[in-house]
1. Return the only residue of I51, I13 being loosely packed, with under 11 Cβ neighbours inside 10 Å and either more than 17 Å from E143 (Cα to Cα) or modelled with pLDDT of 95 or more (or both).
2. Might you check whether a residue that is in a helix (DSSP H, G or I) and either of a type in the set (S, T, Y) or at negative phi (or both) occurs anywhere in region 22-33?
3. Can you name every residue in region 42-60 that is aliphatic (A, V, I, L, M) and closer than 19 Å to K123 by Cβ?
4. State whether one or more residues within region 95-109 are buried (at least 17 other Cβ atoms within 10 Å of the Cβ), in contact (Cβ under 8 Å) with a residue 60 or more places away in the chain and touching a His at 6+ places or on another chain (Cβ under 8 Å).
5. Which pairs do you get when a residue that is part of a helix (DSSP H, G or I), found in region 50-71, comes within reach of a residue that is among the hydroxyl-bearing types (S, T, Y) and surrounded by fewer than 16 Cβ atoms within 10 Å (Cβ to Cβ), reach meaning Cβ atoms under 7 angstrom, with the pair 6+ apart or on two chains?
6. How about region 113-131: which of its residues are at pLDDT below 95 and either exposed (fewer than 15 other Cβ atoms within 10 Å of the Cβ) or hydroxyl-bearing (S, T, Y) (or both)?
7. Give the residues of region 77-103 that are assigned to a loop (DSSP other than H, G, I, E, B), within 19 Å of A137 (Cβ to Cβ) and over 11 Å from the mean Cα position of the chain (by Cα), sorted by residue number.
8. When both residues are 6+ apart or on different chains and their Cβ atoms are under 6 Å apart, which pairs have a first residue that lies in region 130-159 and is of a type in the set (D, E), and a second that is buried (at least 18 other Cβ atoms within 10 Å of the Cβ)?
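The values are calculated or read from the model by the stated rules, or taken from the named source; none is laboratory data. Remember, it's a predicted structure, so these values are computed and weren't measured experimentally. Heads up, the Cβs are rebuilt from the backbone with ideal geometry, glycines too, and the neighbour counts pull from every protein chain shown.
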Amino acid sequence: MRILAVVGALALIVGISAAVFFFGGFYSVAGTVEDPAIVRWALIQVRTASIDRHAQDQPPASINDAASVQAGAKAFAAHNCANCHGAPGVNWAKFSEGLHPDPPDLKEVVDHRSPSQLFWVIKNGINMTGMPSFALAGAKDDEIWSIVAFLKKLPNVSEADFKVWTAPPAAAPAATPTPPTIAPVPDPPAESK
């Protein structure tokens with residue numbers, strides 16, 4: 001019984017100490033300060049468990065179609081994903097270096113995530129990171145699935161392919177304007193004397 005009392009007292013002391021540390025402002029939330037290893041580990045575990053639990057949507061049958069991959073590249077560029085994650089031939093924007101935690105290099109992580117997990121993250125975003133919810137930003141599910149299709153192929157996408165897929169459509173040649181036709185001016189009526 002005495003051991004339980006000691007364990008309970010220690011748990012109470014640890015809990016109060018943690019509360020004072022976090023709620024007393026001793027824990028720095030600055031983006032320039034690295035998280036303690038235990039905090040980083042806990043955040044990664046919570047994030048991974050949450051994604052695993054919630055990522056239940058199944059990809060459409062067209063996820064491997066070339067048209068889906070190309071549409072996904074265009075959507076990836078249109079939503080400015082390359083600013084934080086880079087893209088073939090596209091450097092990350094300088095401001096992304098100030099995000100904490102660092103945005104992942106997607107070429108390195110997409111092979112370790114299922115299409116359902118990627119879809120869930122893009123659609124819902126991740127709290128306390130720079131990853132926004134693209135569903136709240138107006139992206140529809142089919143557009144998000146096309147981004148997933150692109151991401152699953154990303155490690156093998158060349159810079160040239162990415163440029164072609166994301167280039168704006170070529171403008172149609174301007175039609176040569178035809179000069180306006182001028183109606184002949186009728187002769188003024190003759191004056192009577």
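1. Values: I51 fails: loosely packed, with under 11 Cβ neighbours inside 10 Å.
Every option except I13 fails the conditions.
2. Going residue by residue through region 22-33, those that are in a helix (DSSP H, G or I) are 22-23.
In the following step, the residues that additionally are either of a type in the set (S, T, Y) or at negative phi (or both) were identified as 22-23.
Yes, because at least one residue in region 22-33 is in a helix (DSSP H, G or I) and either of a type in the set (S, T, Y) or at negative phi (or both).
3. So in region 42-60, the residues aliphatic (A, V, I, L, M) come out as 42-44, 46, 49, 51, 55.
Within region 42-60, V46, A49, I51, A55 meet the criteria.
4. No, the conditions are met nowhere in region 95-109.
5. Hits for this filter: S68/S62.
6. Matches in region 113-131: N127, M128, T129.
7. Listed by number, the residues that qualify are A93, L99.
8. Close Cβ pairs satisfying both conditions: E143/A75; E159/P88.
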